[in-house]
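Here is the structure we will look at, set down as structure tokens.
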Amino acid sequence: MPKGGRLLKYSKRELLNAVLYVLRSGCTWRDLPGDFPPWPAVYMQFKQYTQAYAKQYGIDIEVVKRTDKQ
């Protein structure tokens, strides 16, 4: 059972495959093919991966966001 106690609706493997598809193909989240989980679920997982990576390596996401806008 996941940490929060809630059962996963989609497997982490399905979500990861969808994230990798978006990154490889360059399509938008909303253009994910129907054989992947819905795009909001995939995008939320991508955000969690990104935040975990940033935390692990001490990257301040807010600083990165501000620098991208300049």
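The values are calculated or read from the model by the stated rules, or taken from the named source; none is laboratory data. These numbers were taken from a predicted model, which means no experiment stands behind them. Backbone-built Cβ (ideal geometry, glycine too); neighbour counts: all protein chains shown. What goes into the accessible areas is simple: the full protein's heavy atoms, side chains included, and nothing from ligands, DNA or RNA. Shrake-Rupley method; radii C 1.70, N 1.55, O 1.52, S 1.80 Å.
Things to note:
- Residue list for the stretch 50-60, filter: assigned to a helix (DSSP H, G or I) and open to solvent by 80 Å² or more (accessible area, probe 1.4 Å): Gln51, Tyr53, Lys55, Gln56
- Residues of the stretch 21-30 that are part of a helix (DSSP H, G or I) and surrounded by 11 or more Cβ atoms within 10 Å (Cβ to Cβ): Tyr21, Val22, Ser25, Trp29.
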